[in-house]
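The structure under discussion appears below in the form of structure tokens.
Throughout, read-outs are computed from the coordinates displayed, never taken from laboratory work. Computed from a predicted structure; not experimentally measured. As a convention, Cβ positions derive from the backbone with ideal geometry for all residues, glycine included, and neighbour counts pool all protein chains shown.
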Ligand code: ADP
């Protein structure tokens, strides 16, 4: 508890004097009115002696009443104002020092609704900050973990490259290992930066009108080498002349991620199907594959950052692709969902507003 300072004491005295003078003035006016009406109606003679005696009694009455009121007000403030203010202040000080587990208990007595509202808002803020803190620490742990693998691979190949009597074939193989590792790290950094910019709203969608079917075909054609090499069949059912108003570059990230996943998780001989249809207000894009599919447990986490359900393909990604896709779709106020069955394949459905 804070010690009372001279300034506080002087402040209390002056507020008491102000209160006393106000009450004294009001009581005096009322008394004078009452006495003069009484004297007039009852024809009493007012002498200076009995007026002085009455004034003295009134004065001490006013002093006593104001003191009692001040005391009652002091106790009321201690209980109703200072106590909740103290617990709120203590909680905010703890939050400031990084303890987000703190919660303020709601106050039961009546008249505390205002304080309870503030307490609830602070509790909610502490909870949100706690979540952000967990995300931040998880994020750092994930990035460090994801960087360790390619770094270890690169170190390994670097050491192998130092051997003096290497054949050309081996030298090329090891150098390729270093290049692949650095490419993987560069990809991850690009994705992290993109995601960060999207999350911090530093990217403002540049909306333009374009043909969605054409964009899908252009994106899909970039994977021609991959599907031919892996002997994956392609089926398309893309409606023509579907114009959408959206950020074409951001939407391009969505299709690229969905297509690259479809080809990555589909074994040779499988099929990837891309379709574009429309409803009254939406364009609906489906990317289906006949790949490994995923369990419901995996499906529930795929849009989280760094989540990788399939460890056998983890070398080819970093678990950021679908987190990025989800963020873009959220920014566009669209919807994304997935249906999948293990061993049968997956279908991603994206719904975006047409105009
Ligand atoms: P990455 O592909 O780099 O692992 P993503 O964020 O793109 O990261 O995907 C997260 C996880 O979702 C993948 O690790 C995989 O388990 C699952 N997944 C995504 N697309 C498919 C798909 N078409 N078929 C099966 N699993 C998929």
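Can you run down the residue pairs with Cβ atoms below 7 Å, 6 or more apart or on separate chains, where the first is in the stretch 144-162 and touching a residue at least 12 places away in the same chain (Cβ under 8 Å) and the partner is not in a helix (DSSP H, G or I)?
Once the first residue is touching a residue at least 12 places away in the same chain (Cβ under 8 Å) and sits in the stretch 144-162, its partners that are not in a helix (DSSP H, G or I) give 146/306; 146/318.
Going through the stretch 208-239 one residue at a time, which ones are assigned to a helix (DSSP H, G or I) and touching a helix residue (DSSP H, G or I) at 6+ places or on another chain (Cβ under 7 Å)?
Residues satisfying the conditions are 215, 216, 219, 220, 226, 227.
Condition first: away from the ligand (no atom under 15 Å from the Cβ) and touching a residue at least 40 places away in the same chain (Cβ under 8 Å). Now tell me which residues in the stretch 259-276 satisfy that.
Matches in the stretch 259-276: 276 only.
Check 256, 241, 200, 225 and return the single one that is surrounded by fewer than 19 Cβ atoms within 10 Å (Cβ to Cβ), free of Cβ contacts under 8 Å to residues at least 40 places away in the same chain and within 16 Å of the ligand (Cβ to nearest atom).
Details: 241 fails: within 16 Å of the ligand (Cβ to nearest atom); 200 fails: within 16 Å of the ligand (Cβ to nearest atom); 225 fails: within 16 Å of the ligand (Cβ to nearest atom).
Criteria check complete, one pass: 256.
Given the condition more than 23 Å from residue 111 (Cβ to Cβ) and in contact with a helix residue (DSSP H, G or I) (Cβ under 8 Å, 6 or more places away or on another chain), answer yes or no: does some residue in the stretch 38-45 qualify?
Residues of the stretch 38-45 more than 23 Å from residue 111 (Cβ to Cβ): 38-45.
Imposing the further condition that a residue be in contact with a helix residue (DSSP H, G or I) (Cβ under 8 Å, 6 or more places away or on another chain) reduces the set to 44-45.
Within the stretch 38-45, one or more residues are more than 23 Å from residue 111 (Cβ to Cβ) and in contact with a helix residue (DSSP H, G or I) (Cβ under 8 Å, 6 or more places away or on another chain).
One line per residue, one yes/no per condition, for (1) surrounded by fewer than 18 Cβ atoms within 10 Å (Cβ to Cβ); (2) closer than 20 Å to residue 319 by Cα:
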site: 182; (1), (2): yes, yes
site: 246; (1), (2): no, no
site: 252; (1), (2): yes, yes
site: 278; (1), (2): yes, no
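Look at the stretch 89-137 and say how many of its residues are more than 18 Å from the chain's Cα centre (by Cα), surrounded by 13 or more Cβ atoms within 10 Å (Cβ to Cβ) and assigned to a helix (DSSP H, G or I).
Total satisfying the criteria: 7.
Going through the stretch 280-297 one residue at a time, which ones are surrounded by fewer than 16 Cβ atoms within 10 Å (Cβ to Cβ) and either free of Cβ contacts under 8 Å to residues at least 24 places away in the same chain or near the ligand (Cβ under 8 Å from one of its atoms) (or both)?
Across the stretch 280-297, the qualifying residues are 280, 296, 297.
Any residue at all in the stretch 27-42 that's within 60 Å of the chain's Cα centre (by Cα) and surrounded by 11 or more Cβ atoms within 10 Å (Cβ to Cβ)? Spell out how you get there, then give the answer.
Taking the stretch 27-42 as the starting set, the residues that turn out to be within 60 Å of the chain's Cα centre (by Cα) are 27.
Right, trim to surrounded by 11 or more Cβ atoms within 10 Å (Cβ to Cβ) and you get 27.
Yes, some residue in the stretch 27-42 is within 60 Å of the chain's Cα centre (by Cα) and surrounded by 11 or more Cβ atoms within 10 Å (Cβ to Cβ).
Please determine, by comparing only the residues of the stretch 298-353 that are more than 14 Å from residue 265 (Cα to Cα) and without any contact (Cβ under 8 Å) to a residue 12 or more places away in the chain, which one is nearest to the ligand (Cβ to nearest atom).
301
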